[in-house]
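FYI, it's all coordinate maths here, none of it is from the lab. Note that the coordinates shown come from a computational prediction; the quantities given were computed from them, not determined experimentally. Ideal geometry is used to build each Cβ from the backbone, glycine not excepted, and the neighbour counts take in all protein chains shown.
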Amino acid sequence: MNLARDLSRALRPGWVMHDAGLDPDPWQTQLLVSEEPRHLLLCSRQSGKSTTVASKAVETAIFDPGLILMIAPAQRQSGELFRKAKDIYLALDDVPRIVQESARSMELANGSRIVALPGTEATIRGYSAPKLVLVDEAARVEDALYHSITPMLAVSRGRLIALTTPYGRRGWFYEAWEHGGDYWQRTKISAHDCPRIDAEWLKAERESVGDWAFRQEYLVEFVDTDEQFFSSALIEAAIDPDLEPIW
Ligand SMILES: Nc1ncnc2c1ncn2[C@@H]1O[C@H](COP(=O)(O)OP(=O)(O)OP(=O)(O)O)[C@@H](O)[C@H]1O
Ligand SMILES: [Mg+2]
């Protein structure tokens, strides 16, 4: 253990991203220093949400050894998040040695493990007591999968960070964001808040992808899913709460 090194890192908020060659945005630094147990990140495409939580995974693995799980609807997506974390880790000096690694996991000399999982309940149930769980593309993660994650955190008091663009006015993430109250810390970043996304480019993208996708993917608004033939507002407006059912 090197106390001077650890202290100097602890005194530099966002040091993982800095040392990996990135200058973190203010919200990224806030997330990196946050000790909130449950955090929802509702962030535009390409705003840097995966990079931020990958850095958080790396910092946790170094400073608070234990199990870190990465979950997404598909293994390809959690594997992508793992790759980001590994690339960031490899860019850092003077960190614990990697003692075991595969395409989807790595174990450090201090006992930490970072593991990317497929989006299936059965696999998740095989793990216990994680320090940190990251759920990428969280609005697309099925409710049943989410409910298989939360019990793991009860004993370890591990942290949960869910990051996503919106995906309709449905599902656990939407409910947590809209109705979850103080249980969750929330961060919302639209494309206009991201200094790396150009306004001209955004204008062209709006024309190319259409209003529905643009509002969700870049303005991070919960809009009805495109599978839905009638919007929720239209359905709600058509329902008269005073009418008794006729059957
Ligand atoms: N603070 C930063 N400074 C410079 N580049 C950054 C910063 N944060 C993120 N990036 C870069 O921006 C790009 C997008 O980052 P990232 O993949 O983390 O975004 P995302 O929000 O997860 O995107 P997606 O919606 O596609 O999943 C990456 O090339 C990443 O390296
Ligand atoms: Mg991402």
### Query
How many nm separate the modelled label positions at Asp193 and Arg76, each set 7 Å beyond the Cα in the direction of the Cβ?
2.9
### Message
If the reach is capped at under 16 angstrom between alpha carbons, list the aspartates and glutamates near Lys188, excluding any in the same chain fewer than eight residues apart.
### Response
Asp25, Glu36, Asp136, Glu137, Glu175, Glu178, Glu217, Glu221
### Query
Tell me, in nm to one decimal, what length is gained between Asp143 and Gln46 on full extension, where the rule is 0.36 nm per residue of separation less the Cα-Cα distance?
32.4 nm
### Task
Note down the relative contact order for segment 119-174 as a percent, whole number, built from C-alpha pairs under 8 angstrom at least six residues apart.
46
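Scan the chain and note any complete DSSP helix (H) whose C-alpha atoms cover at least 18 Å along its axis and whose Kyte-Doolittle average is -0.5 or more. All intermediate terms of the calculation are to be shown ahead of the outcome.
Values: long enough: 49-63 (21 Å, 0.41); 75-90 (22 Å, -1.04); 143-156 (22 Å, 0.71).
TM-like helix candidates: 49-63, 143-156.
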### Summary
GNM on the chain, Cα springs under 10 Å; top mean-square fluctuation among Phe63, Phe82, Phe222 goes to Phe63
### Max mean-square fluctuation residue, GNM over the chain, Cα-Cα springs under 10 Å, options Gly168, Gly210, Gly48
Gly210
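First measure r as the distance between the Cβ atoms of Glu36 and Arg12, then evaluate 1/(1 + (r/R0)^6) with R0 = 22 Å and state the FRET efficiency to the nearest 0.05.
Once rounded, the FRET efficiency stands at 0.65.
Report the local net charge at Ser156: Lys and Arg +1, Asp and Glu -1, summed over other residues whose C-beta lies under 14 Å from its C-beta.
Values: positive: Arg38, Arg113, Lys131, Arg157, Arg159; negative: Asp64.
Counting the neighbours of Ser156, the net charge comes to +4.
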### Query
When the chain is treated as a GNM, springs tying every alpha-carbon pair under 10 Å, which of Leu202, Leu81, Leu11 comes out with the largest mean-square fluctuation?
Leu11
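Percent relative contact order of the chain, based on C-alpha pairs within less than 8 angstrom and at least six residues apart?
Working: 401 pairs, mean separation 55.5, N = 247.
Relative contact order here is 22 percent.
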### Query
If the viscosity is 1.567 mPa s and the temperature 4 °C, what translational diffusion coefficient in µm²/s does Stokes-Einstein give for the chain when Rh comes from Kirkwood over Cα pairs?
67
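Please order Leu160, Leu90, Leu108 by the number of other Cβ within 10 Å, starting at the fewest.
Working: Leu160 23, Leu90 12, Leu108 20.
Least crowded to most crowded, the residues run Leu90, Leu108, Leu160.
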